[in-house]
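Structure, as structure tokens:
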Amino acid sequence: MKHALKTAFGLLIVTLILGGCASRNMLPAGAAGKAMLAGNDPISYHTQPAPAKGDPKINATWDGGLYFFVNEANRDLFAKTPQKYAPQYGGYCSNGAPYAIMMGGTADNYKLVDGRLFMFGDANARRYWEMDQAENIRLGDHFWETEMKEAVNATWQSYKRIIFKVPHYKGYEQLEAQWQARQKK
């Protein structure tokens, strides 16, 4: 009984501590909601060397996120095909997607692959993901469609998959060791 209480208490503490980690790459945007991509224009990721801040007055919503744009032309382009310009996996870290874990991505850690925008929590997450990019995209797409996209709560989805890991799961220590081994070759 004591062990079960300790385990439950431990999970509660982890939930409280990590609850904020399951961010959709948003920042507060006042009464209008939350801005995706930290307020950057999603079109700019595809057309410029670095993302550009959008104007909160020129905005559009899609799939639960509020997007800002540098001009009306970009907003109109996004409105025609938002899935082409919006970040993959709802803006969550693409390195977590192959494991069905919905942890935060940041607006400045990203990569375009075949016109798709992938976000990462940090530079390490990106380099680990790049070690097997094609397989990570395949697995991420699979888990996004079958589990993550319709998850009621990102935090609980992540905890579920941290506790009940997918068979191919690799933690940061394993990924770092794999990356270091590749660097020695």
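The values are calculated or read from the model by the stated rules, or taken from the named source; none is laboratory data. Every value quoted in this text rests on a predicted model; they were computed, and no experiment measured them. Note that we place each Cβ from the backbone using ideal geometry, even for glycine, and neighbour counts take in every protein chain shown. Keep in mind that these areas ignore ligands, DNA and RNA; they rest on the heavy atoms of the full protein, side chains included. Shrake-Rupley method; radii C 1.70, N 1.55, O 1.52, S 1.80 Å.
Residues that are in a helix (DSSP H, G or I) and open to solvent by less than 100 Å² (accessible area, probe 1.4 Å) within segment 170-182 comprise Leu175, Glu176, Ala177, Gln178, Trp179, Gln180, Ala181, listed in sequence order.
Can you name the residue in segment 144-153 that is touching a residue at least 12 places away in the same chain (Cβ under 8 Å) and among the charged types (D, E, K, R) and is also most open to solvent (accessible area, probe 1.4 Å) among such residues? That would be Lys149.
Look at segment 115-136: where a residue is more than 13 Å from Gly91 (Cα to Cα) and at pLDDT below 95, no partner that is open to solvent by 10 Å² or more (accessible area, probe 1.4 Å) and among the hydrophobic types (A, V, I, L, M, F, W, C) sits 6+ places away or on another chain with Cβ atoms under 8 Å. In this structure, Lys57 does not qualify as at pLDDT 95 or above, open to solvent by 70 Å² or more (accessible area, probe 1.4 Å), in contact with a Gly (Cβ under 7 Å, 6 or more places away or on another chain) and more than 30 Å from Arg161 (Cα to Cα). Going by the structure shown, is Leu112 more than 17 Å from Ala100 (Cα to Cα), loosely packed, with under 15 Cβ neighbours inside 10 Å and among the hydrophobic types (A, V, I, L, M, F, W, C)? Here the answer is yes, as Leu112 does meet what is asked.
Residue-wise test of (1) within 25 Å of Ala181 (Cα to Cα); (2) of a type outside the set (D, E, K, R); (3) within 15 Å of the chain's Cα centre (by Cα); (4) open to solvent by less than 10 Å² (accessible area, probe 1.4 Å).
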{"site": "Ser44", "(1), (2), (3), (4)": "no, yes, no, yes"}
{"site": "Gln48", "(1), (2), (3), (4)": "no, yes, no, no"}
{"site": "Pro51", "(1), (2), (3), (4)": "no, yes, no, no"}
{"site": "Asn74", "(1), (2), (3), (4)": "no, yes, no, no"}
{"site": "Ala79", "(1), (2), (3), (4)": "no, yes, no, no"}
{"site": "Tyr85", "(1), (2), (3), (4)": "no, yes, yes, no"}
{"site": "Leu117", "(1), (2), (3), (4)": "no, yes, yes, yes"}
{"site": "Arg126", "(1), (2), (3), (4)": "yes, no, yes, no"}
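Scanning segment 154-169 for residues that are assigned to a loop (DSSP other than H, G, I, E, B) and without any contact (Cβ under 8 Å) to a residue 24 or more places away in the chain turns up Phe164, Pro167.
Here's a check for you: in segment 87-109, which residue that is of a type in the set (S, T, N, Q) and surrounded by fewer than 20 Cβ atoms within 10 Å (Cβ to Cβ) is farthest from Thr61 (Cα to Cα)? Looking at residues that are of a type in the set (S, T, N, Q) and surrounded by fewer than 20 Cβ atoms within 10 Å (Cβ to Cβ), I get Asn109. Scanning segment 87-107 for residues that are assigned to a loop (DSSP other than H, G, I, E, B), under 22 Å from Ala50 (Cβ atoms) and not small (Gly, Ala, Ser), which turns out farthest from the chain's Cα centre (by Cα)? For segment 87-107, the residue satisfying everything is Asn95.
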